[in-house]
Amino acid sequence: MNFLLEIITPERLAYSEQVESVSVPSVDGRLMLLPRHTKLFASLTEGQIKIIKDHKESFLAIGGGFVDVAKDQVVILVSRAVHAHELNEIEIEKAKKSAQEFLARAPKGMERAEAMALLRRSLIEDALLKHIKRRTHIS
């Protein structure tokens, strides 16, 4: 038994497929959503989504947002969603280094918040890439 999973950002429909399960990072911890899950609306934090479809795992890095669970559908609304295969290791490292260098200059206010957001996003994407690499070498 499967359910429809849709992952939507302001820019695109990042994912729309029938899946077996999805694991999401909520503000209260990870949530594992399965078919016939009870109705739920929850806040999501930045992190990784793990999707199982046809007994295979796939991953996305997401920004914060919300998950809405209905009878046979899960809708995830997030600020951004990037599939693991879309990640670029060189760009992630450049963004991480840039954010760290900028933060070392002790910026204030909005500049600091933007640099912290860039660093968090880079760290999440870097962790996802490393996770995928480890899994690829094991398989």
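Could you tell me what percent of the accessible area of the chain is made up of carbon and sulfur, with a 1.4 Å probe and every protein chain present?
55
Which of His85, His55, His37 ends up with the largest GNM mean-square fluctuation for the chain, with Cα atoms connected below 10 Å?
Top of the fluctuation ranking is His55.
Could you tell me which of rounded, prolate or oblate describes the range 20-139, using a ≥ b ≥ c as the square roots of the eigenvalues of the alpha-carbon gyration tensor, with rounded for a/c under 1.5 and, failing that, prolate when a/b is larger than b/c and oblate otherwise?
Since a/c reaches 1.5 but b/c is at least a/b, the shape of the range 20-139 is classed as oblate.
Can you pull out the GluC sites (Glu not before Pro) in the range 1-109 whose DSSP state is coil and whose Cβ has at most 15 other Cβ atoms within 10 Å?
In loop regions of the range 1-109 (DSSP not H, G, I, E or B), the sparsely surrounded GluC sites (Glu not before Pro) are Glu11.
Taking the Cα atoms of the range 1-90 alone, what are Rg (to one decimal) and Dmax (as a whole number) in Å?
Reported Rg and Dmax, both Å: 12.1, 41.
For Glu17, which sequence-distant residues (separation of 5 or more, or a different chain) have an amide H within less than 5 Å of its own amide H, given hydrogens modelled in the peptide plane?
Amide H to amide H, under 5 Å and 5 or more residues apart or across chains, Glu17 pairs with Leu5.
Short version: ³J(HN,Hα) in whole Hz for each residue of the range 28-36, in order, from phi by Karplus 6.51 cos²θ - 1.76 cosθ + 1.60 (θ = phi - 60°), x for Gly and Pro, what are they?
For the range 28-36, the Karplus-derived couplings read 9, x, 6, 10, 9, 10, 10, x, 6 Hz, x marking Gly and Pro.
Can you tell which of Ile51, Ile124, Ile90 shows the greatest fluctuation in a Gaussian network model of the chain with Cα springs below 10 Å?
Top of the fluctuation ranking is Ile90.
What is the local net charge at Ile52, summed over the other residues whose Cβ is closer than 15 Å to its Cβ (Lys, Arg +1; Asp, Glu -1)?
Values: positive: Arg30, Lys50, Lys53, Lys56, Arg135; negative: Glu17, Glu20, Asp54, Glu57.
Within the 15 Å Cβ shell, the charges total +1.
Using only helices, what value at 222 nm comes out for the chain when you add -39,500 (n - 2.57) per DSSP H run of length 4 or more and divide by the total residues, to the nearest 500 deg cm²/dmol?
-11500 deg cm²/dmol
With unit charges on the beta carbons (Lys and Arg positive, Asp and Glu negative) and the dipole taken about the Cα centre of the chain, which residue among Phe59, Ala104, His85 sits farthest to the positive side?
Ala104
Scan the range 44-139 for trypsin sites (Lys or Arg not before Pro) in coil per DSSP, keeping those whose Cβ has at most 15 other Cβ atoms within 10 Å, and list them by number. Each step should come with its number before you reach the end.
Working: sites: Lys50, Lys53, Lys56, Lys71, Arg80, Lys94, Lys96, Lys97, Arg105, Lys108, Arg112, Arg120, Arg121, Lys130, Lys133, Arg134, Arg135; in loops: Lys71, Arg80, Arg105, Lys108.
Answer in residue order: Lys71, Arg105, Lys108.
Using θ = phi - 60° and the Karplus curve 6.51 cos²θ - 1.76 cosθ + 1.60, what whole-Hz ³J(HN,Hα) does each residue of the range 61-76 get, with Gly and Pro shown as x?
Those phi angles translate into 9, 10, x, x, x, 9, 10, 10, 9, 10, 3, 10, 8, 10, 10, 10 Hz.
Over the heavy atoms of Met32, what accessible area does a 1.4 Å probe trace out, to the nearest 10 Å²?
90
Using only Cα atoms, tell me the angle between helix 89-104 and the longest principal axis of the chain; keep it within 0 to 90° and round to the nearest 10.
Roughly 50 degrees, rounded to the nearest 10.
For Phe59, Phe102, give me the order by solvent-accessible area with a 1.4 Å probe, most accessible first, ignoring ligands, DNA and RNA.
Phe102, Phe59
For Glu46, enumerate residues with amide H under 5 Å from its amide H, sequence gap 5+ or separate chain, H modeled in the peptide plane.
It is Gly64, by chain and number.
Please list, in chain and number order, the residues 5+ apart from Ile8 or on another chain whose amide H is under 5 Å from its amide H, with Hs placed from the backbone.
Placed amide hydrogens put Ala14, Ile76, Leu77, Val78 under 5 Å from Ile8.
The values are calculated or read from the model by the stated rules, or taken from the named source; none is laboratory data. The shown structure was predicted, so the numbers you read here are calculated from the model rather than taken from an experiment. Every residue, glycine among them, receives a Cβ derived from its backbone with ideal geometry; neighbour counts consider all protein chains shown. SASA here: full protein model, heavy atoms, side chains in, ligands and nucleic acids out. Shrake-Rupley method; radii C 1.70, N 1.55, O 1.52, S 1.80 Å.
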